[in-house]
Amino acid sequence: MTAPISLARLSDIQALEQQQPLAQRNLPASTYELLQRSASHFGERTALTFLPQGSLQDQPWNISYAELFAQVTRTANALHRLGICPGKAVSFLLPNLPQTHYVIWGGEAAGIVNAINPLLEPEHIAELVRASGTTVLVTLAPFPGTDLWQKVANLRERLPELEAIVTIDLANLLPEPQRSAIKSQRPAMPEGVLDFDTLLAACPADHLESGRVIQPDDIASYFHTGGTTGTPKLAPHSHLNEVAMAEIIGLHGDYSSHDVLLCGLPLFHVNGVILTGLAAFHRGARVLLAGPQGYRNPTLIKDFWHLVERYRISCFSGVPTIFAALLQVPNDGIDVSSLRFAVCGAAPMPVELIRQFEARSGLKIIEGYGLTESTCATSCNPRDGERRIGSIGLRLPYCEVKIAVLDSDGHYLRDAASDEPGNVCLRGPTVFKGYLQADKNQGLWLDGGWFDTGDLGRIDRDGYIWLTGRSKDLIIRGGHNIDPQMIEEALHRHPAVAMAAAVGKPDIKAGELPVVYVQLKSGASADPAELLEHAARHIHERAALPKDVWLLEQIPLTAVGKTFKPALRLDAIRRVFEDEVRQVAEGIRVEAVSDERHGQRVDIHVPDLDATRRAALDQRLSGYAVRYQLHSA
């Protein structure tokens, strides 16, 4: 649809913006119009290929662009008949299925779609349903191996605002006699629960019964952020946000109708929905939906390289833990020449992991950065230009990024100079206008409409952006956000605990793992094992369970009495690196310090540092996404 554009340098991005502002790119007004255009252009070409088990042995389901648009239209009409209209939300609690795409884009055509992580506990799901004003919920019918229906069934009485529950039956994906066998073994569905396929069969596929004309500024979706624990924040995205993001990602990735993008990340997350979803559909590419569980399915990881060969996959997106897992899967003798690049985001990727993965696969890894609040992506290392490993690359076209220097109260002082650290701030057509809950928006915005991400960074003289830390407290474990408040609250319930402060410690596989520092009450006693057992009883999200409890006589505080977490993060880094260097030799001194250019740095002082010791230490430490320096003591 669009001629290839080189975006190798910041000057290329600036030239594109000057020559063709986004308003001149003839963007569709809505995600629905985007799919309508693609159905018109690409018709019977395959839009979605679904692998029911995420396996090489699967018989694939192929869905054309014409069929995708027809099913989205039917879904929009079915939801309209159930009362979904502009301003009203439909929530979905689903794995990665073709029907999930129908619900997402059909929900946006009818009203607002609200994505919910199926792995959340029922209490958190109920909170998101209430916060979004949901009146219709779409989930799975009872099926072996999934507890989604049970979660919803347990919540029904507590959610009287739900006017309808619609179920998608995984049994319909199975051949006979398995299909009938599963259906015959389960009890009848409660009265008032509706079947998705039955609803769609009764709806037209050639027009919206609502007659709705969708405007670019209409709200299309809510995505929750703020971690898998703690109070959720709902980020509304407009149709313009999502369409602009699809256009920008397609430009950067140079997607075409010859591309095949593997989707293994979940469809409740913006990466799966936009980067390996809407952006691909915008350009007529094929999306390979690799099983309901995506990367959480060990079979997909085992078969990954063979799937690349069979389906001629050109691009995929993942988090560092996925790349680490794929590195353990041999690909000798498998043709992976179709791969053009892979995108890594959500958490810093260790330099050594990038080096090893690229050497094994011959594939470029493009590190990027994005937020739910900016719809998906904001910056990326250039696909065809210099990739500066460890940076998050250049800003994407039409996405403005600056570094702001703030005072101790968070007030704007000035824009940072080149290479000067400060707060990363965003502006542009993909940035949301604030959380749905008004009380969450205090202090988010600087003058001129700049969104303060809470991340700390610097921009070098060539425009490459480097993250140096987070002013937010979130712990990022394998790409999943964990709010430390829930860990701290659980520990504070223990009678011996005076103060608790949770931070992330470095981990080669997950990027970070949660740990908690504890200050005991005067005269009280409790050992780490007891406190870990207490945490396990009171924290219901497995990802948030702390890996260590470390006791301190005094938790460090700021001048105004707040917990000073930067000091605790440095201490956690020191402890991890000390454990590693002890495996090489005794007498090695480790210091973790703040570094304006890199956020944190570990200085390792080694007596008689020779080539053998240097090699042994590099082998143990190079997998961490923390900069270190070896010094001869």
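Let's see how each residue does on (1) touching a residue at least 60 places away in the same chain (Cβ under 8 Å); (2) of a type outside the set (Ser, Thr, Tyr):
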{"position": "ILE573", "(1), (2)": "yes, yes"}
{"position": "GLU580", "(1), (2)": "no, yes"}
{"position": "GLN583", "(1), (2)": "no, yes"}
{"position": "GLU591", "(1), (2)": "no, yes"}
{"position": "ARG597", "(1), (2)": "yes, yes"}
{"position": "ARG601", "(1), (2)": "no, yes"}
{"position": "VAL606", "(1), (2)": "no, yes"}
{"position": "THR612", "(1), (2)": "no, no"}
Looking at LEU467 and the list (1) outside any strand (DSSP E or B); (2) within 25 Å of LEU413 (Cα to Cα), which single condition is not satisfied?
(1)
Any residue at all in the range 328-338 that's at pLDDT 95 or above and buried (at least 21 other Cβ atoms within 10 Å of the Cβ)?
no
Restricting to helices (runs of 4 or more DSSP H) lying wholly in the range 148-205: which have 2 or more residues that are in contact with a strand residue (DSSP E or B) (Cβ under 6 Å, 6 or more places away or on another chain)?
148-155
Scan the range 478-488 and give yes if some residue there is at positive phi and either modelled with pLDDT under 85 or assigned by TED's automatic domain parsing to the domain that holds GLU541 (or both), otherwise no.
yes
Restricting attention to the range 372-414, report how many residues are surrounded by 14 or more Cβ atoms within 10 Å (Cβ to Cβ), more than 26 Å from LEU353 (Cα to Cα) and not small (Gly, Ala, Ser).
12
Among the numbered criteria (1) closer than 26 Å to LEU174 by Cβ; (2) surrounded by 24 or more Cβ atoms within 10 Å (Cβ to Cβ); (3) touching a His at 6+ places or on another chain (Cβ under 8 Å); (4) of a type in the set (A, V, I, L, M), which single criterion is violated by LEU68?
(2)
Please identify the pairs in which a residue from the range 112-136 that is more than 23 Å from PRO292 (Cβ to Cβ) has its Cβ atom under 9 Å from the Cβ atom of a residue that is of a type in the set (Asp, Glu), counting only partners at least 6 apart or on another chain.
ILE112/ASP218; ARG130/GLU161; GLY133/GLU161; THR135/GLU161; THR135/GLU163
Note on TYR398: of the conditions (1) more than 25 Å from PRO21 (Cα to Cα); (2) of a type in the set (Phe, Trp, Tyr); (3) touching a residue at least 60 places away in the same chain (Cβ under 8 Å), unmet is (1)
Looking only at the range 242-289, how many residues end up being within 19 Å of ARG45 (Cα to Cα) and assigned to a loop (DSSP other than H, G, I, E, B)?
9
Failed item, numbered, when LEU531 is tested on (1) in a strand (DSSP E or B); (2) crowded, with 16+ Cβ neighbours inside 10 Å
(1)
Kindly provide the set of residues from the range 450-464 that are hydroxyl-bearing (Ser, Thr, Tyr) and either outside any strand (DSSP E or B) or modelled with pLDDT under 85 (or both), ordered by number.
TYR464
For ILE354: the one exception among (1) touching a strand residue (DSSP E or B) at 6+ places or on another chain (Cβ under 6 Å); (2) in contact (Cβ under 8 Å) with a residue 40 or more places away in the chain; (3) of a type in the set (A, V, I, L, M):
(2)
Among the numbered conditions (1) surrounded by fewer than 24 Cβ atoms within 10 Å (Cβ to Cβ); (2) over 17 Å from ARG156 (Cβ atoms); (3) not basic (Lys, Arg), tell me where GLU121 comes up short.
(2)
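Can you confirm whether ALA47 is farther than 30 Å from ALA290 by Cα and either aliphatic (A, V, I, L, M) or over 25 Å from the mean Cα position of the chain (by Cα) (or both)?
Criteria not met by ALA47.
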Could you grab me the full set of residues in the range 597-633 that are part of a loop (DSSP other than H, G, I, E, B) and buried (at least 16 other Cβ atoms within 10 Å of the Cβ)?
HIS598, LEU609, GLY623, TYR624, ALA625, VAL626
Taking the range 435-449 on its own, how many of its residues are at negative phi and either in contact with a His (Cβ under 7 Å, 6 or more places away or on another chain) or assigned to a loop (DSSP other than H, G, I, E, B) (or both)?
7
When you scan the range 40-60, how many residues do you find that are closer than 16 Å to LEU300 by Cβ and assigned to a strand (DSSP E or B)?
2
Of everything in the range 130-158, what is farther than 27 Å from ALA201 by Cβ and hydrophobic (A, V, I, L, M, F, W, C)? Give them in sequence order.
ALA131, LEU155
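The values are calculated or read from the model by the stated rules, or taken from the named source; none is laboratory data. It should be emphasised that the depicted structure is a prediction, and the values quoted were computed from it without experimental measurement. FYI the Cβ positions are ideal-geometry reconstructions off the backbone, even for glycines, and counts take in every protein chain you see.
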